[in-house]
1. When the Karplus curve 6.51 cos²θ - 1.76 cosθ + 1.60 is applied with θ = phi - 60°, which whole-Hz ³J(HN,Hα) does each residue of the stretch 39-49 get, with x for Gly and Pro?
2. Leaving ligands, DNA and RNA out of it, report the carbon-plus-sulfur percent of the accessible area of the stretch 10-108 at a 1.4 Å probe.
3. Pull up all non-local amide H partners of residue 12: gap of 5 or more, or a different chain, and H-to-H distance under 5 Å with H placed in the peptide plane.
4. Take the Cα of residue 76, step 7 Å along the line toward its Cβ, and report every residue of the stretch 34-61 whose backbone nitrogen sits under 16 Å from that point.
Amino acid sequence: MCEGRRLGDAARPAWAVAAELRRREAAADARLAAARARLAEALAELERARARAAELQRRLEETYGKRRRLKRVAAAARDRIHETRARLQEREQQQQQDQLPAESDPTS
């Protein structure tokens, strides 16, 4: 008996066996085409998910970049506030010191 042939194939004409093989091949080709289509769709979905992840990553970096910039701006503003407060306190102290000798000066 020939390998790859079933017992019933021996009694069938060669053209019938060939037709059966063509039918099976066509069915296998159809299954393969369907599998390729599913694969193409899965790859497209994966690419969409990758693009979405990249967009989310960009937004996240943008948000944290803004946050870092705002923190730097806030820190600089706090520094200016402290410097301004210190200058105001120095001026007040200077004015108080200027007023004290004038009050205690007997010639005035």
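1. 5, 4, 5, 5, 5, 5, 5, 4, 5, 5, 5
2. Values: 5060 of 8860 Å².
On the stretch 10-108, the fraction of accessible area on carbon and sulfur atoms equals 57 percent.
3. Amide H neighbours of residue 12, under 5 Å, 5+ apart: none.
4. none
The values are calculated or read from the model by the stated rules, or taken from the named source; none is laboratory data. Predicted, not measured: the structure shown is a model, and the values here were computed from it. Using ideal geometry, Cβ is built from the backbone for each residue, glycine included, and neighbour counts are taken over all protein chains shown. These area figures cover heavy atoms from the full protein model, side chains too; ligands, DNA and RNA do not enter into them. Shrake-Rupley method; radii C 1.70, N 1.55, O 1.52, S 1.80 Å.
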